[in-house]
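Below is one structure; the comments refer to it alone.
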Amino acid sequence: MKIGVPKEVHSGERRVATTPDVTEKLRKLGYSVAVEAGAGESANFSDEAYKEAGAEIVEDTESLWAASDIIFKVRAPEYHPVLGKHEAELLSEGKTLVSFIWPAQNPELMDK
């Protein structure tokens with residue numbers, strides 16, 4: 001199974017869903033790990049550090065989502081400004097999303 005770690009798109013988000021150290025542990029458990037290029041930059045993790053931990057670095061966001069069985073994200077899916085679509089559209093049937101989801105974070109949606 002392949003775990004994909006896309007770059008977070010939320011404005012000001014500096015976290016990344018996994019570190020090179022955890023990537024290495026996931027690989028030892030039998031997972032392959034793909035990380036979007038630059039995903040760890042804001043958290044001070046270089047693409048090279050992920051490569052050294054055994055991760056594949058993927059340049060294309062949509063390819064990363066398409067080739068991954070499991071997606072690790074810090075934040076829930078949201079509109080991707082570069083792709084011009086919601087990240088939920090990239091999560092096809094049969095795939096698993098692991099992220100923080102805060103239902104009460106958007107009070108304007110609570111009454112719907």
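The values are calculated or read from the model by the stated rules, or taken from the named source; none is laboratory data. Not measured: the values here are computed from a predicted model. Note that each Cβ is placed from the backbone with ideal geometry, even for glycine, and that neighbours are counted across all protein chains shown. Please note that ligands, DNA and RNA were not included when accessible areas were found on the heavy atoms of the full protein model with its side chains. Shrake-Rupley method; radii C 1.70, N 1.55, O 1.52, S 1.80 Å.
Restricting attention to the stretch 55-64, and to residues there that are open to solvent by less than 30 Å² (accessible area, probe 1.4 Å) and not in a helix (DSSP H, G or I), which single residue is nearest to H10 (Cα to Cα)? If you could, list the steps in order and put the result at the bottom.
Filtering the stretch 55-64 down to residues open to solvent by less than 30 Å² (accessible area, probe 1.4 Å) leaves 55, 58, 61, 64.
This time we only want the ones that are not in a helix (DSSP H, G or I), so: 55, 58.
Working: A55: 23, V58: 19 Å.
Among them, the one singled out is V58.
I'd like the full set of residues that are open to solvent by less than 40 Å² (accessible area, probe 1.4 Å) and outside any strand (DSSP E or B), limited to the stretch 65-80. Within the stretch 65-80, W65, S68, K73, V74, A76, P77 meet the criteria. If I filter the stretch 58-73 for residues that are touching a helix residue (DSSP H, G or I) at 6+ places or on another chain (Cβ under 8 Å), more than 14 Å from L91 (Cβ to Cβ) and touching a residue at least 24 places away in the same chain (Cβ under 8 Å), do I get at least one hit? Yes: the stretch 58-73 contains one or more residues that are touching a helix residue (DSSP H, G or I) at 6+ places or on another chain (Cβ under 8 Å), more than 14 Å from L91 (Cβ to Cβ) and touching a residue at least 24 places away in the same chain (Cβ under 8 Å).
Every listed requirement among (1) part of a loop (DSSP other than H, G, I, E, B); (2) within 11 Å of the chain's Cα centre (by Cα); (3) among the hydrophobic types (A, V, I, L, M, F, W, C) is met by V33 save one, (1).
Checking each residue in the stretch 1-44 for being in contact (Cβ under 8 Å) with a residue 60 or more places away in the chain and of a type in the set (A, V, I, L, M, F, W, C) picks out M1, I3, V5, V9, A17.
Scanning the stretch 26-46 for residues that are under 22 Å from M1 (Cα atoms) and open to solvent by less than 50 Å² (accessible area, probe 1.4 Å) yields L26, S32, V33, A34, V35, E36, A37, A39, G40.
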